[in-house]
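Accompanying notes for the structure given below.
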Amino acid sequence: MVALRYAARSHLGLGTKSRNEDSAYAGPELLVLCDGMGGHAAGDVASSLVVGELVHLDGESHGADDMSVVLEQAMMDANDRLAEVAEESENTHGMGTTCIAMMRSGTKLAVANIGDSRAYLRRGTRVTQITKDHSFVQQLLDEGRIGEEEALHHPQRSLVTRVFTGRPDDRPDLSMRELRAGDRLLLCSDGLTDYVAESTVAELLRSEDPPGKVADQLISIALRASTRDNVTVIVADVVDAGEGTGTTEPQVVGAASERRGTQLLTPQTPAEKAAALSRTVHGTDPAPELAEESARGGLATWMRRSLIGLAILAVVTVGAWATYDWSQRQYFVGEANGHVTIFRGVSQDLGPFVLSSPEEETDVELETLPAHYRNRVINTLTADDRADADRIVEELRFLALPRCEDVIQLPLPGDGTATTAGPDTATATAGPDGVTATAGPDGALSTAGPDDASATSRGPEAATETSSVDDAAATTAPTPPLRQPTVDCVP
C-alpha cells in the first residue's frame with residue numbers, strides 16, 4: 001500500500017492580473033488543479049467552481065475498476081454546473097477553465113485532464129509528462145509543422161483548443177496509472193511551464209527535498225523567470241503507507257481558498273464548499289503562510305506597478321523632449337504677413353502645441369511670385385537646414401523679378417546725331433550732298449547747298465527745291481540707343 005505526501009502553492013505572478021485565477025486542491029486521495037480564463041469574464045469563478053465540484057471525491061471509497069468512470073462523470077457534472085453559473089450574469093458569460101484531476105485508490109491512479117495545465121511523473125531519475133496539452137502549439141507539433149525548440153517561444157503558445165466552458169462536448173482525456181513508492185507527481189499551471197524550461201523543472205523534481213520545499217522552489221524560479229501569469233503547483237510524493245508517512249490534511253490554494261465577497265455564488269456553491277473545507281481543516285485561514293505571502297505580494301505588486309508607471313512616464317517625457325528638440329532643428333519656407341518667410345520647426349502642429357515659429361521674414365512679397373510658386377510657398381517648402389532655407393529664398397527672389405522687356409526703357413541723351421528743336425523750329429538732317437533745310441519760327445524752310453547758296457520762300461505754305469532730286473531729298477534720323485532699366489529684371 002502507498003500514501004501521498006503533498007504540498008500545494010500558488011502565486012499571483014508578476015503580470016497585470018489583479019486576482020488569482022488558478023485554483024488547486026490537494027488531499028489524501030485527490031489532487032485537482034484548474035487554471036481559469038476569461039479575464040473580466042471571471043476565470044477565478046470558473047476554476048474555484050470546478051474544484052469545489054470535485055472535492056467530494058476525496059475520501060469516497062471507489063474501486064480501481066470504476067474509478068475512471070466516477071472521475072469522468074464528476075468532471076462532466078462540474079462542466080454542467082459551469083454552464084449554469086455562466087448564464088446567471090453577464091460578468092461570467094464566456095468563462096472557462098483548464099483542469100487536471102488525479103484520483104487515487106490504493107496504487108491505482110485515475111488521471112483526467114483538459115486544457116494546457118500539465119502533470120509530470122518522476123520515476124527514479126526519469127521525468128515524464130503524463131498529460132497532453134490541448135493547445136494550438138501542441139497541434140502544430142503533432143502535425144510536424146514546428147519543432148520542440150520553436151514551440152518553446154511560439155507567440156501562440158497560450159492559445160488552448162479545449163477547456164471546460166459548459167458546452168456538452170467539453171470532455172477530458174482519461175488514463176490510468178500504477179503508482180510506486182518513490183514516485184513524485186507534479187501538477188502545474190502554464191504560469192510555470194511557459195516561463196521555466198522543462199529541464200529546470202525536471203532537475204528540481206529529481207531532488208530529495210520534501211514536497212513543500214520543492215513546491216516553494218518551483219514558485220520561486222517562476223518568479224525569477226518573470227512569469228506574467230498566475231503560477232500554481234502541487235507536488236506529491238508516493239510513499240509507503242504507514243502511520244505518519246502520508247499527508248492527511250487537505251490544502252486549498254488560489255481562488256478556491258478565498259471567500260468571495262460577491263453574491264454571485266451562494267454560500268452553498270462549490271467554491272464556498274472548497275473554501276469551507278479548507279477553513280474546517282485548518283481552523284481559520286487555510287494557509288496562513290500563503291495569506292502572509294499574498295499580503296507581501298500585494299505590497300510588492302503595488303510598488304512594482306508604481307515603478308513601472310514612473311518608468312513609462314519618464315520614457316514618454318524623454319521621448320517628447322527629444323521630439324521637440326529635433327523639431328526645433330528643422331526649417332521650412334512659408335508665408336507670413338504677405339512675405340516669403342523662413343520658419344524654424346516643422347509645419348505640422350501637435351494638437352494645441354505649435355511646433356514652428358518665424359525665423360526671418362524676407363523682403364520677397366508673395367504676390368510677386370508666379371502663381372505656381374506662390375501656392376508652393378503657401379503649402380510650405382521643406383529645407384534640409386538653415387543654409388538650404390536661404391538658398392530656397394534666393395531662388396524665389398529671382399523668380400519674383402519682372403521681365404526686362406516689361407520695364408519702360410528711355411533713349412540715351414547726347415548721342416551727337418540728333419538734337420531736339422524748340423517748339424517753333426523744325427530741323428532736318430543734312431542729305432548726302434550736304435544740303436540742310438531749316439525751318440524758322442514762322443514755318444519757312446531754308447536749304448543750304450554745298451556752295452552756301454540758299455533760297456528762301458516765306459509764307460506758311462512755302463516749299464524749297466534743291467538743284468537736283470538726289471540732293472533735295474531729306475534723310476530720316478536713325479533710332480537712338482535705349483537706356484538700360486533702372487531696376488533688376490529677368491532678360
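Couplings 3J(HN,Hα) for segment 108-117, derived from phi with the Karplus relation 6.51 cos²θ - 1.76 cosθ + 1.60 (θ = phi - 60°), are 8, 10, 8, 10, 10, 8, 8, x, 10, 5 Hz, where x marks Gly and Pro.
Here, P(r) means the percent of Cα pairs in each 5 Å bin from 0 to the largest distance; for segment 78-202 it is 2, 10, 17, 19, 19, 15, 10, 6, 2, 0. Put simply, when 76-89, 140-153 are sorted by average Cβ atoms within 10 angstrom per residue, most first, you get 76-89, 140-153. Among residues other than Val238 with Cβ under 11 Å from its Cβ, the summed charge is +3 (Lys and Arg +1, Asp and Glu -1). In segment 331-400, Cα pairs under 8 Å separated by at least six residues give a relative contact order of 37 percent.
Overall shape: rounded for segment 2-286, with the ratio a/c of the largest to smallest alpha carbon gyration tensor axis below 1.5.
Scanning residues 5 or more positions from Asp116 or on other chains, those with amide H under 5 Å from its amide H are His134, with H placed 1.01 Å from N in the peptide plane.
Taking 25 °C and 0.890 mPa s as the conditions, I'd like the Stokes-Einstein D for segment 331-400 in µm²/s, using the Kirkwood hydrodynamic radius from alpha carbon pairs. Taking Rh from Cα pairs, D becomes 205 µm²/s. By the count of neighbouring beta-carbon atoms within 10 Å, fewest first, Phe164, Phe136, Phe353, Phe343 end up ordered Phe353, Phe136, Phe343, Phe164. Legend: calculated FRET efficiency, Asp325 to Asp384, from the Cβ-Cβ distance at R0 = 25 Å, rounded to 0.05, equals 0.90.
Using alpha-carbon pairs under 8 Å, 6+ residues apart, how would you state the relative contact order of segment 2-286 in percent?
31
The calculated FRET efficiency for the pair Val354 and Arg19, based on their C-beta separation and a Förster distance of 41 Å, comes to about 0.35.
If neighbour count is taken as other Cβ atoms inside 10 Å, put Ser68, Ser18 in order from fewest to most.
So the ranking, lowest neighbour count to highest, is Ser18, Ser68.
Close amide H pairs (under 5 Å, H built 1.01 Å from N) link Gly96 with Met37, residues at least 5 positions away or on another chain.
Going from the residue with the fewest nearby Cβ atoms within 10 Å to the one with the most, Ile219, Ile100, Ile308 rank Ile308, Ile219, Ile100.
No value in this document is a laboratory result; all are computed from the given coordinates. Just so you know, these numbers come straight off a predicted model, no measurement behind them. In this analysis, Cβ positions are derived from the backbone assuming ideal geometry, glycine residues included, and neighbour counts consider all displayed protein chains.
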